[in-house]
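Peer 1: Sharing a structure with you now.
The values are calculated or read from the model by the stated rules, or taken from the named source; none is laboratory data. Note that this is a predicted model, so its numbers are computed, not measured. Glycine also receives a Cβ, built like all others from the backbone with ideal geometry; neighbour counts cover every protein chain displayed.
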Amino acid sequence: MEDCIFCKMVEGEMPYFKVYEDDKVLAFEDINPVAEGHTLIIPKRHSQNLWEIPDEDLAAVHSASKKIIQAMQDVLNPNGVVALQLNGRGVNQVVMHYHLHLVPRSSEGPALPITQWALKEGDMEAIKQTAEKIAAAIE
């Protein structure tokens, strides 16, 4: 896609700090990191989000994430790693090219706000109805 910054990176038209690459994916450091080692993994073929990405590209991204998270464990020794993926502007997806964030949490660093939310008991009947609607729509 012509205006996509991630596609430009794949084409070698934009600089980046490469972490991993194979024939289907590219992984690089986020230039606005939430924590040290914050890495993005993208499919080389353009897809905007989870609704559009072909299954083989999705599998390749997550297969690469397993290799990268192990390297993060070896090098950074985090307490944990957040795997975050946003779909659409309504949830603050900024670059409209599918990407998976891997964000390590160090023992010295602050808590990662994206991993915390207040738990409140839901309406079990409403939850059941929603689950049934979604399940019935799965092809």
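Peer 1: Return the pairs, sorted by first residue and then second, in which the second residue is in a loop (DSSP other than H, G, I, E, B), the first residue lies in region 96-115 and is of a type in the set (Phe, Trp, Tyr), the beta carbons are less than 6 Å apart, and the residues are 6+ apart or on different chains.
Peer 2: Tyr98/Ser47; Tyr98/Asn49; Tyr98/Ile53
Peer 1: Only one of (1) buried (at least 16 other Cβ atoms within 10 Å of the Cβ); (2) out of contact with any Leu (no Cβ under 9 Å at 6 or more places or on another chain); (3) of a type outside the set (A, V, I, L, M); (4) not in a helix (DSSP H, G or I) is not met by Tyr16, so which one is it?
Peer 2: Failing condition for Tyr16: (2).
Peer 1: How many of the residues in region 77-95 are surrounded by 15 or more Cβ atoms within 10 Å (Cβ to Cβ), more than 23 Å from Cys7 (Cβ to Cβ) and not β-branched (Val, Ile, Thr)?
Peer 2: So the answer is 1.
Peer 1: So, in region 37-68, how many residues would count as being among the hydrophobic types (A, V, I, L, M, F, W, C) and under 12 Å from the mean Cα position of the chain (by Cα)?
Peer 2: 7
Peer 1: Still on this structure, I have one more. Would you tally the residues in region 58-70 being of a type outside the set (A, V, I, L, M) and crowded, with 19+ Cβ neighbours inside 10 Å?
Peer 2: 1
Peer 1: Pick out the one residue from Ala111, Ala126 that is within 17 Å of Glu36 (Cα to Cα) and of a type outside the set (Ser, Thr, Tyr). Spell out the reasoning first.
Peer 2: Working: Ala126 fails: within 17 Å of Glu36 (Cα to Cα).
Just one listed residue meets the conditions, Ala111.
Peer 1: Shifting gears a bit: Mind checking which residues of region 67-108 are over 13 Å from Glu36 (Cα atoms) and of a type in the set (D, E, K, R)?
Peer 2: Those that are over 13 Å from Glu36 (Cα atoms) and of a type in the set (D, E, K, R): Lys67, Asp74, Arg89.
Peer 1: Considering (1) in contact with a His (Cβ under 6 Å, 6 or more places away or on another chain); (2) at positive phi, say which one Ile42 fails and leave the rest.
Peer 2: Evaluating Ile42 over (1) in contact with a His (Cβ under 6 Å, 6 or more places away or on another chain); (2) at positive phi leaves (2) as the failure.
Peer 1: Which count do you get for residues in region 97-120 that are at pLDDT below 90 and assigned to a loop (DSSP other than H, G, I, E, B)?
Peer 2: Of the residues in that region, 12 qualify.
Peer 1: Additional query: Kindly indicate whether any position in region 58-76 is within 27 Å of Ala111 (Cα to Cα) and assigned to a loop (DSSP other than H, G, I, E, B).
Peer 2: Among the residues of region 58-76, not one is within 27 Å of Ala111 (Cα to Cα) and assigned to a loop (DSSP other than H, G, I, E, B), which makes the answer no.
Peer 1: Filter region 19-55 down to residues that are touching a residue at least 40 places away in the same chain (Cβ under 8 Å) and not in a loop (DSSP other than H, G, I, E, B) and give me whichever is surrounded by the fewest Cβ atoms within 10 Å (Cβ to Cβ).
Peer 2: Filtering first and then ranking leaves Tyr20.
Peer 1: What residue, of Pro104, Pro110, is out of contact with any strand residue (DSSP E or B) (no Cβ under 6 Å at 6 or more places or on another chain) and either closer than 27 Å to Val81 by Cα or of a type in the set (Ser, Thr, Tyr) (or both)? Walk me through how you get there before you give the answer.
Peer 2: On the way: Pro104 fails: out of contact with any strand residue (DSSP E or B) (no Cβ under 6 Å at 6 or more places or on another chain).
Going through Pro104, Pro110 in turn, the sole match is Pro110.
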